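One structure below.
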Amino acid sequence: MRSLPGSGHIRFLFKIFPRAALTSPFLSREKFMPPVDPDNEQFVIYVRSKKGFKAWFPLNVVTGGSTANTLVKGLDSNLSRDMAKKSLTNNIGQAIYKDADQLQEMCRRMPMLKAAKELEYGFMILDKKNPSSMFNPPAESVFVIPPEDETQMPAQKMAEGWQSAANTVKNILGGKNSAD
């Protein structure tokens, strides 16, 4: 399990729902449902092809803690909606992109995504009254996760900038020493 960056309260584990849960009309999807947490918000992580057929396919369910609960409540307020949405999107996005190679490899095993050139990720707050709705999410309920560089917080971008500058100076100094 992995905590989402900056939260410490959201557990995240990549696990693709079995193909049968997504495609078989004969198997009950409830068989593949994760347990519903009555105390904490849960998020369904989705994937789809960036171009072409735009259907969302569930990958995993993420359970949040007190921080996630507060952010979800913030989505109901006009004052905090944008901040809460951005924070949730960035934190979930960072966790996804941290393991992007492994995740893409797993997604490519899904028949409906094998031919996709680019993948796009999204998430939805799990409807605890109707959790099986996660298999056919309303498009307007799924928050699209932006590209990796857009999910970074300003402090992270600044730290990367400093690290890049330090590496440049180190290479310049290292290059002069080797020439001497």
Take segment 66-88 and flag every residue that is surrounded by 20 or more Cβ atoms within 10 Å (Cβ to Cβ) and closer than 14 Å to Q152 by Cα. L88
Does any residue of segment 116-133 turn out to be open to solvent by 60 Å² or more (accessible area, probe 1.4 Å), modelled with pLDDT under 90 and closer than 16 Å to K51 by Cα? yes
E120 vs. criteria closer than 13 Å to P58 by Cα and among the charged types (D, E, K, R): yes
Restricted to segment 92-102, and to residues that are buried (at least 21 other Cβ atoms within 10 Å of the Cβ) and more than 12 Å from E120 (Cβ to Cβ), which residue is modelled with the highest pLDDT? I92
Just wondering, is there one or more residues in segment 41-57 that are in contact with a Cys (Cβ under 6 Å, 6 or more places away or on another chain) and open to solvent by less than 20 Å² (accessible area, probe 1.4 Å)? yes
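The values are calculated or read from the model by the stated rules, or taken from the named source; none is laboratory data. Just so it is clear, the structure is predicted and the values come from calculations on it, not from any experiment. Here the Cβ is made from the backbone with ideal geometry for all residues, glycine too, and neighbour counts use every protein chain on show. To get the accessible areas, we keep the full protein, side chains included, count just its heavy atoms, and leave off ligands, DNA and RNA. Shrake-Rupley method; radii C 1.70, N 1.55, O 1.52, S 1.80 Å.
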